[in-house]
Amino acid sequence: AAAEVLAEGLRRTGRELTRDRLIEQLEGLRKLQTVYGPPVSYGPGRRLGANGAYIVRMDRAQGAFVSAGGWVEAE
């Protein structure tokens, strides 16, 4: 999910990439749907994208991630 957030921030920033522009674009993310977690939002006063995480494992036979414990809330 973190890689998806970074990729979206970079897409939104465009070719004129600077640290400040990337931060500005990341702070504008609202309810970005990710493959591996719930929608995430960021803002100037919000740096936590999700309040937890899914626990998964890789099933090599299927070549896919499978649940290994479900959702775990952040402490």
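The values are calculated or read from the model by the stated rules, or taken from the named source; none is laboratory data. Bear in mind the structure is a predicted one, so any value in this text is a computation, not a measurement. Just the protein is used for accessible areas: all its heavy atoms, side chains included, with ligands, DNA and RNA removed. Shrake-Rupley method; radii C 1.70, N 1.55, O 1.52, S 1.80 Å.
A residue that is in a strand (DSSP E or B) and at pLDDT 85 or above occurs somewhere in the range 14-32. Applying the criterion of being farther than 15 Å from residue 2 by Cα and open to solvent by less than 90 Å² (accessible area, probe 1.4 Å) to the residues of the range 29-55, the residue that is farthest from the chain's Cα centre (by Cα) is 45. Of all residues in the range 19-43, count the ones that are more than 18 Å from residue 74 (Cα to Cα) and of a type in the set (Val, Ile, Thr). The number of residues fulfilling the criteria is 2.
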